[in-house]
Amino acid sequence: MELIELLPTMNGLKGVIVIPGDKSISHRSVMFGSIAQGVTKVKNFLPGDDCLSTISCFRKLGVVIEENEKELIIYGNGFEGLKEPNELLDVGNSGTTIRLLLGILAGRPFHSSLIGDDSIGKRPMTRVTEPLKTMGAQIDGRKNGEFTPLSMRGGSLQPIQYKMPVASAQVKSALILAGLQADGESIIIEKAESRDHTERMIRKFGGQVQTDNRMIKVKGGQKLIASDILVPGDISSAAFFLVAGAIVPDSEIVLKNVGLNPTRTGIIEIMNKMGANLEIHQNDADSFEPAGDITIKTSNLRGTVIEGDVIPRLIDEIPIIALLATQAEGKTIIKDAAELKVKETNRIDTVVNELKKLGASIEATEDGMVIHGGSTLSGGTVSSHGDHRIGMMLAIASLLCKDQVNLENPEAISVSYPNFFSHLNSLKN
């Protein structure tokens, strides 16, 4: 088992960081480049383990993808250019890869088998496989297609009218990608607004998708045309340094080119609500995804209630928000976040248990947690449990601890932020 020793910072955090490319957009750039006609070039692609799993899967489907230091080059031949793989499609630890890939494969007239790591093997897939089956895809797997390995035989799809029982960008995106191949118009109704990178990407690649409040309409038979992509920095990765800058005394951090998609900025709204000393300078560059520079300084924070429609817009940031709340004045309550139970780990229980080890006053609830602010964090041995966001949250927590923190399984962080520790160390004076 790998272990890294982390020491508290003696001084504030100061400096400038260029945040690595957005994971969600990097995944989709490979997928859309692969199903579009022509050559797509992607700059600022995130070379994290999850996104590399997506590249690997599409190469097995017959897509030529070249990598160099400057960009990713994808040679697409449309949906029809995808070929039956002669080996298993291994998605590694990536829920985005498997769920969106299922939507693409549902309309392809061949057989494919998908597997992942132990964590993926525990994550529910029926939320995707059941509606895809109603469209005409043949899918089997453990517990009637609930868990990997999954076997897919795609083909002719019928359009769907589907009211989603959970707010999930992955499920929505899978159904949109299947809908692009269906015979007619599909209508998907969201329970709550979730990240809209797939809809933006369709338009970027010359396709059409209608969005009206929480209703999405997509017509089948569309041809997508290759388009160059500049991936903005990932706000989910920036969140760790936003919180670090807010809670470590005498800090000022500038984060460059951070994605500011309105469906992803829940973390900024909540930090502002809690009193964070935060400034945003929006980039003027014409882009299909808004981005800007964010300056964060040490802040006097107050507790709040986080619930309702904002939850899907910050679901991945809740572990680091929990740490933020331990340093606020008063109590913070997080509700409506039961979706955290089916992430890389049960993030409700994992966040609570690991922060308790460091001395935080925090309790799990059925759909979230209650955090009592003003905690003095001590130190000790904690674990990422193989979850990249838990690992980074604990590394940021170590900055405030009175004693050394020993972090087990730090390698999980490479899933989304391969340079995390070098960026963190660059801020220490």
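What follows draws every value from the coordinates through simple rules; no lab data is involved. Predicted model, so just to flag it, every value in this text is computed and none were measured. Reconstructed Cβ throughout: ideal geometry from the backbone, glycine too, with neighbour counts over all protein chains shown.
Between Phe110 and Asp250, the contour length at 0.36 nm per residue exceeds the alpha carbon distance by 44.6 nm.
Using a simple spin-label model with pseudo-atoms 7 Å out from Cα toward Cβ, Thr376 and Asp309 lie 4.3 nm apart. Summing charges over all other residues whose Cβ lies under 14 Å from the Cβ of Leu224, with Lys and Arg as +1 and Asp and Glu as -1, gives +3. At the listed q of 0.13 Å⁻¹, the Debye profile of the chain, built from one uniform point per Cα, gives log10 I(q)/I(0) equal to -1.12. Size check on segment 144-256: the Cα extents along the three principal axes, sorted descending, read 60, 36, 30 Å.
The slack in the chain from Leu88 to Glu66, taken as 0.36 nm per residue of separation less the alpha-carbon distance, amounts to 5.8 nm. Using just its DSSP H runs of length 4 or more, each adding -39500 (n - 2.57), the chain gives a mean residue ellipticity at 222 nm of -8500 deg cm²/dmol after division by all residues. Calculated over segment 305-347, the projected area of the Cα convex hull averaged across directions stands at 2.9 nm².
If R0 is 25 Å, what FRET efficiency do you get for Ala338 and Asn144 from their C-beta distance, rounded to 0.05?
Once rounded, the FRET efficiency stands at 0.65.
Projected over all directions and averaged, the alpha-carbon convex hull of segment 363-403 occupies 3.6 nm². Taking K and R as +1 and D and E as -1, what net charge do the other residues with C-beta under 9 Å from the C-beta of Leu61 add up to? Net of charged neighbours comes to +3.
The spacing between segment 179-220 and segment 121-144, judged by their C-alpha centroids, is 21 Å. The distance separating the Cα centre of segment 378-429 from that of segment 5-40 comes to 17 Å. Does segment 23-230 come out rounded, prolate or oblate by the C-alpha gyration tensor, with a ≥ b ≥ c the root eigenvalues, rounded set by a/c under 1.5 and, if not, prolate when a/b is larger than b/c and oblate if not? Rounded. Note that segment 358-373 has calculated 3J(HN,Hα) couplings of 8, x, 6, 9, 8, 10, 7, 10, 5, 10, x, 7, 10, 10, 9, x Hz, one per residue in order, obtained from phi through the Karplus relation 6.51 cos²θ - 1.76 cosθ + 1.60 (θ = phi - 60°); glycine and proline are x.
DSSP assigns beta bridges within segment 23-230; of those with both partners inside it, close to 80 percent run antiparallel.
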